[in-house]
Structures are given as C-alpha cells and as structure tokens.
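Data first, discussion second: the structure below is written as structure tokens.
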Amino acid sequence: MDSKLWTSDHSILTSHFIISKEIGQAESRNKISRLINFLEIQPTQKARFQEALGSQVKELEDGVQLFCASSIPGID
C-alpha cells in the first residue's frame, strides 16, 4: 500500500501564519513550498464546517479537522 501524508488547507495556512511571525514572509513561503511537496492537502469545504457545528466535538477547529479527514476515501 502506498502511504500518503494528509493535512488540511487550514493547517497549511495556520502554519504559515505562525512561522512567518518568527522567520518572515519570504522564508516562511519558501519552507511551506518545500513542505507541501510531501503532502496531500484536503480542502476545507462548507459541509465540513456544517458537520463540525452540528457535532458533539467540543472545539470547532478539531471538528473541522476531524470531518475533513473523514471525507477522504480510505481514511478511517
């Protein structure tokens, strides 16, 4: 089986925001650009927010991440 490393688009944006505060925009963009070569990125869709808002998951961000991951075929 071919393994893939998945993340959400929101995680990439949040990482860039945090990293850029420490090392600046240009260097952060460079690092993120290199990082995403190794990742599959799942888009955050309106339906994932709706699922998270209607769920029992306490933190909205955790719920969005959970439902983004569960929408990927083959991910349990």
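The values are calculated or read from the model by the stated rules, or taken from the named source; none is laboratory data. Here the structure is a predicted model, which is why all the values come from computation and not from measurement. For the accessible areas, the whole protein counts, side chains as well, though only heavy atoms, and no ligand, DNA or RNA atoms are used. Shrake-Rupley method; radii C 1.70, N 1.55, O 1.52, S 1.80 Å.
Quick look at the numbers
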{"item": "Cα radius of gyration and Dmax for the range 35-76 (Å)", "result": "11.1, 34"}
{"item": "Percent accessible area from carbon and sulfur atoms, the chain, protein chains only, probe 1.4 Å", "result": "56 percent"}
{"item": "Per residue value of the accessible surface for the range 11-76 (all protein chains in place, 1.4 Å probe), Å²", "result": "75 Å²"}
{"item": "Two-decimal log10 I(q)/I(0) for the chain, as the Debye equation yields it once each C-alpha is a single scatterer, q = 0.13, 0.18, 0.26 Å⁻¹", "result": "-0.47, -0.79, -1.12"}
{"item": "Exposure ranking of PHE38, PHE49, PHE17 by accessible area [1.4 Å probe, largest first]", "result": "PHE38, PHE17, PHE49"}
